[in-house]
Amino acid sequence: MRKWTLILALLLLVISVSGCINSNVSRMDQLASTITDHLQQGDSYYNQAVASTNKLQYEQALTQTNNAFSEFDLGRSSTQEALIYARNSEKQVYINYFQLTLQELDLRLNATSELKMAIPYLQDNETTNANQHLDLANDYMKQSVALSTQKDQLVQQNAALFK
């Protein structure tokens, strides 16, 4: 009788642990979709802000940088949550993926901040200061794109883990 009780207890333990792992992966999948949406929306607003800046529509550009920043920040919060689930799953690939995503979002937030700081200088025709911030914004965005490429490679190398 003890043997059956022990086997039943072990079976229940295995089932509960596997359920936790699957729920972590399921929650990460949901969050990954949310993060992707925030990244896409943030990119859209950022690109609109750049276009508005180039057209000298500075008020509109400021609004769009605020929207981009909000989207990237929401994506960052979701990524931090996903990283907790990734760490709980103990799968290094997921941990690496969300760490890269977090770095990518930090860079996009920095790029957006730099673009926003450049706009008042452009309004005042202070091109030297404006160009410094615009150069930084471009550098941050290039670094962000490089991390996005790294993430894509990680997904391709581990296609079975990413649906």
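Within the set of pairs 6+ apart or on separate chains, which have a first residue in segment 108-119 that is modelled with pLDDT of 95 or more and assigned to a helix (DSSP H, G or I), a second that is surrounded by 24 or more Cβ atoms within 10 Å (Cβ to Cβ) and β-branched (Val, Ile, Thr), and C-beta atoms under 9 Å apart?
Short answer, once both residue conditions are applied: Thr112/Thr65; Ser113/Thr65; Leu115/Thr65; Lys116/Thr65; Ile119/Thr65.
Enumerate the pairs (first residue in segment 122-147 and closer than 19 Å to Thr101 by Cβ; second residue anywhere and assigned to a helix (DSSP H, G or I) and among the aliphatic types (A, V, I, L, M)) with beta-carbon separation below 7 Å, excluding pairs fewer than 6 apart on the same chain, so at least 6 apart or on different chains.
Every condition considered, the pairs that remain are Tyr140/Leu107; Tyr140/Ala111; Met141/Ala111; Gln143/Leu107; Ser144/Leu107; Ser144/Ala111; Leu147/Leu100; Leu147/Leu107.
With the checklist (1) more than 17 Å from Asn47 (Cβ to Cβ); (2) part of a helix (DSSP H, G or I); (3) modelled with pLDDT of 95 or more in hand, flag the one item Thr63 doesn't pass.
(1)
Looking only at residues in segment 81-98 that are in a helix (DSSP H, G or I) and either acidic (Asp, Glu) or within 9 Å of the chain's Cα centre (by Cα) (or both), which one is farthest from Lys142 (Cα to Cα)? So that I can check it myself, show each step before the final result.
Our first condition is that a residue be in a helix (DSSP H, G or I); within segment 81-98, this holds for 81-89, 92-98.
Next cut, either acidic (Asp, Glu) or within 9 Å of the chain's Cα centre (by Cα) (or both) only: 81, 98.
Numbers: Glu81: 25, Phe98: 19 Å.
Residue satisfying both the conditions and the ranking: Glu81.
The values are calculated or read from the model by the stated rules, or taken from the named source; none is laboratory data. As the structure is a prediction and not an experimental result, all values here were calculated from the model. Here Cβ is always computed from backbone atoms with ideal geometry, including for glycine, and neighbour counts include all displayed protein chains.
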